[in-house]
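Colleague: One structure follows; several queries about it will come next.
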Amino acid sequence: MTVTPNARADVPGAARPIANLDVAQLRAAIQEEYALVATEPERGFHFHTGRPLARLLGYEDAWLEGIPEASVASLAGTGNPFAMGALRPGERVVDVGCGAGLDSLIAARMVGPQGAVVGVDMTPQMLDRARRSADEAGVDNVEFRHGVAEALPVPDAWADVVISNGVLNLFPDKLAGLGEMARVLKPGGRLQIGDILVEKSVGDGAKRNIDLWKG
Amino acid sequence: MDFEITWRADVFSGAPQASNAAKFGTVGINFRARKPSHEGEWHRALASLRCEVSDPASQKGD
């Protein structure tokens, strides 16, 4: 028996779609921002990036060894999906909002040749970096697919683990995105996510302000 | 279910650009959760769900 995402719509306090938010404009703005992170990671953003950020977030040096610098430099996460436990050999992993592929490549090494990783991102420049890094590193148990979190290009109940890093806060419809994560997870599957928490409430006007979504 | 925030930290201070969203008290977190193994486990977890929020009026960010 499966647990359907729609069954969770009654959860008290669950995030709902934001009224009058221009989702197309929001996605375009996010793509524009993260295309720059992919192509000009040294540019300087409202968040840290690259190897200094990896240290701040507790990434172990051994995880980064052998991973092409292009993927390390474009890290723009806000947490560490692996801090909650290493992935096991043979597991299947989905990396939602994989960016330039650093977490997907780390995951691919953790799960080994019997495991598999699918990284999903909506920004073509990020996917291009991720694919080139996988080729350069000779990692062949990872595949990068274009898509959005609210419609993951992954079959039902495929994954043992869903990881994500600094991306959930960018979902226009968080319940739909979390529902997709639930859909692709096997029963008993795990979520290991780094993201953002806001300690003060955000008003409806602010939720529609795309500049605030970007930073 | 089994949702748990395992870590939180200021991950934005010192970034090259100032954040417009900083006034909302944004911090980086790690969290984990698990998909129920079956419907019964999910319904039991839902029935026992509790969420406590301190005075929202004192936390308004805008």
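Colleague: How many Cβ atoms of partner chains, on average, are near each residue of A:35-46 if near means within 10 Å of its Cβ?
Modeller: For this peptide, the per-residue mean of nearby foreign Cβ atoms is 2.
Colleague: Summing -39500 (n - 2.57) over the DSSP H runs of n ≥ 4 in the protein assembly as shown and dividing by its residue number, what mean residue ellipticity at 222 nm do you reach, to the nearest 500 deg cm²/dmol?
Modeller: Roughly -8500 deg cm²/dmol at 222 nm, from the helical runs in the protein assembly as shown.
Colleague: Roughly what would the spin-label model give for B:Ala45 and A:Asp61, points 7 Å off Cα along C-beta, in nm?
Modeller: The answer from the label model is 3.8 nm.
Colleague: What does the charge add up to near A:Val117, with Lys and Arg as +1, Asp and Glu as -1, over the other residues with Cβ less than 10 Å from its Cβ?
Modeller: Cβ neighbours under 10 Å give a net charge of -2.
Colleague: With Kirkwood's inverse mean 1/r over C-alpha pairs for Rh, give me the Rg to Rh ratio of the range A:21-81, two decimals please.
Modeller: Result for the range A:21-81 is an Rg/Rh of 1.04.
Colleague: Also, quick follow-up: Choose one of A:Val184, A:Pro52, A:Ala62: the residue whose Cα lies farthest towards the positive end of the charge dipole of the protein assembly as shown (beta-carbon charges +1 Lys, Arg; -1 Asp, Glu; about the Cα centre).
Modeller: It is A:Val184, whose Cα lies furthest towards the positive end.
Colleague: In addition: I need the semi-axes of the equivalent ellipsoid of chain A: take the C-alpha gyration tensor, multiply each eigenvalue by 5, square-root it, list largest first in whole angstrom.
Modeller: 26, 22, 15
Colleague: OK, next. Take A:Lys200 and A:Gln31, extend 7 Å from each Cα along the Cα→Cβ direction, and tell me the distance between the two endpoints in nm.
Modeller: Placing both labels 7 Å beyond Cα along the Cβ direction yields 3.3 nm.
None of the figures in this text is laboratory data; all of them are computed from the coordinates on show. From a predicted model like this one, the values you see are computed outputs, not experimental measurements. A quick note on method: Cβ atoms are made from the backbone with ideal geometry, for glycine too, and the neighbour counts reach across all protein chains shown.
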